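Structure record follows, encoded as structure tokens.
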Amino acid sequence: MKIGFVKSLISALVATLVSAGTAAMAADGANKDDAVAMVKKAVAFIKDQSPDKAYPEFTSKDAKFIDRDLYVVVYQLDGKVLAHGSNPKFVGKDMSDAQDVDGKLYVKERVEMASKQPSFWQDYKFVNPVSKKVEPKQMYCEKLDNTAVCAGIYKL
């Protein structure tokens, strides 16, 4: 009877560890350092290759600009989307009136922040492309000419 108990205890422990490992892997999204590095890489690419070449690469989900749940977006300071690594349908649209689930005008706030400072973090909620769920997000942006180049992380 003791052997049966030990076997069931080991089975339960293994199941718990496997489940925890799977959850940890699923939650293994990008972090703040990853977002900052991605934006710096995108800004350098725009400067080196020109917006005409860079924006389509960001939007086409080029592997250089996608890392787990991290992707690049570029907004003109009037709210128009110039590149979007998660949803190409946004490109060319004025998203100034876009609201998150809490009613926050996150694009309007973002472009206002970009017009006042060279870089910043912004909090809002958005659909995670990996989990497909609305989650809290922190977006890091850098102003480049008349644009905000951004990449964000999801916080569970």
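The values are calculated or read from the model by the stated rules, or taken from the named source; none is laboratory data. Values in this document were obtained by computation on a predicted structure and should not be read as measured data. Cβ sites come from the backbone with ideal geometry, for glycine too, and all protein chains shown count toward neighbours.
Could you say which residue among A114, A151 is surrounded by 21 or more Cβ atoms within 10 Å (Cβ to Cβ), in contact with a helix residue (DSSP H, G or I) (Cβ under 8 Å, 6 or more places away or on another chain) and not β-branched (V, I, T)? Even if it seems obvious, please write down each step before you answer.
Working: A114 fails: in contact with a helix residue (DSSP H, G or I) (Cβ under 8 Å, 6 or more places away or on another chain).
Only one candidate passes the filter, namely A151.
Among all residue pairs at least 6 apart or on different chains, which show Cβ distances below 6 Å where the first residue, located in region 77-99, is among the acidic types (D, E) and the second is surrounded by 13 or more Cβ atoms within 10 Å (Cβ to Cβ)?
Final answer for the pair search is D94/G79; D94/K80.
If you take the residues of region 68-80 that are buried (at least 18 other Cβ atoms within 10 Å of the Cβ) and modelled with pLDDT of 90 or more, which of them is farthest from Q122 (Cα to Cα)?
That would be K80.
Taking the criterion of being basic (K, R), over 16 Å from the mean Cα position of the chain (by Cα) and within 21 Å of K40 (Cα to Cα), would at least one residue in region 106-123 satisfy it? Show your work before the answer.
The initial filter retains those residues of region 106-123 that are basic (K, R), namely 108, 110, 116.
Subset that is over 16 Å from the mean Cα position of the chain (by Cα): 108, 116.
Add one more test, that the residue is within 21 Å of K40 (Cα to Cα), and what stays is 116.
Yes, region 106-123 has at least one match.
Being among the hydrophobic types (A, V, I, L, M, F, W, C) and in contact (Cβ under 8 Å) with a residue 60 or more places away in the chain is the filter here; which residues of region 122-137 pass it? It would help to see each step written out before you state the result.
The first filter runs over region 122-137 and keeps only residues among the hydrophobic types (A, V, I, L, M, F, W, C), leaving 126-127, 130, 134.
Listed by number, the list holds a single entry, V130.
Restrict the check to region 89-97 and report whether at least one residue is in contact with a Phe, Trp or Tyr (Cβ under 7 Å, 6 or more places away or on another chain) and either closer than 18 Å to K40 by Cβ or of a type in the set (D, E, K, R) (or both). Spell out the reasoning first.
Filtering region 89-97 down to residues in contact with a Phe, Trp or Tyr (Cβ under 7 Å, 6 or more places away or on another chain) leaves none.
Within region 89-97, none of the residues are in contact with a Phe, Trp or Tyr (Cβ under 7 Å, 6 or more places away or on another chain) and either closer than 18 Å to K40 by Cβ or of a type in the set (D, E, K, R) (or both).
Suppose the filter is assigned by TED's automatic domain parsing to the domain that holds K40 and surrounded by fewer than 16 Cβ atoms within 10 Å (Cβ to Cβ); does K137 pass it? Working first, answer last.
Details: assigned by TED's automatic domain parsing to the domain that holds K40: yes; surrounded by fewer than 16 Cβ atoms within 10 Å (Cβ to Cβ): no.
Taking the combined requirement at face value, the residue does not satisfy it.
Please state which one of A114, A63, A83 is over 19 Å from K155 (Cβ atoms) and either outside the structural domain of L144 (by TED's automatic domain parsing) or at pLDDT below 95 (or both).
One residue alone meets the criteria, A63.
Got a number for residues in region 115-133 being within 20 Å of V39 (Cα to Cα), assigned to a loop (DSSP other than H, G, I, E, B) and among the basic types (K, R)?
Taking region 115-133 and keeping what is within 20 Å of V39 (Cα to Cα), we get 115-130.
From what's left, assigned to a loop (DSSP other than H, G, I, E, B): 117-118, 128-130.
Restricting the remaining residues to those that are among the basic types (K, R) gives none.
Matching residues across region 115-133 total 0.
Can you name the condition, by its number, that K155 falls short on among (1) at pLDDT 95 or above; (2) more than 22 Å from K61 (Cβ to Cβ)?
With (1) at pLDDT 95 or above; (2) more than 22 Å from K61 (Cβ to Cβ) applied to K155, the lone miss is (1).
On the basis of being in the same structural domain as P136 (by TED's automatic domain parsing), in contact with a Ser or Thr (Cβ under 9 Å, 6 or more places away or on another chain) and surrounded by 15 or more Cβ atoms within 10 Å (Cβ to Cβ), does A98 make the cut? Walk me through how you get there before you give the answer.
On the way: in the same structural domain as P136 (by TED's automatic domain parsing): yes; in contact with a Ser or Thr (Cβ under 9 Å, 6 or more places away or on another chain): no; surrounded by 15 or more Cβ atoms within 10 Å (Cβ to Cβ): yes.
Answer is no for this residue.
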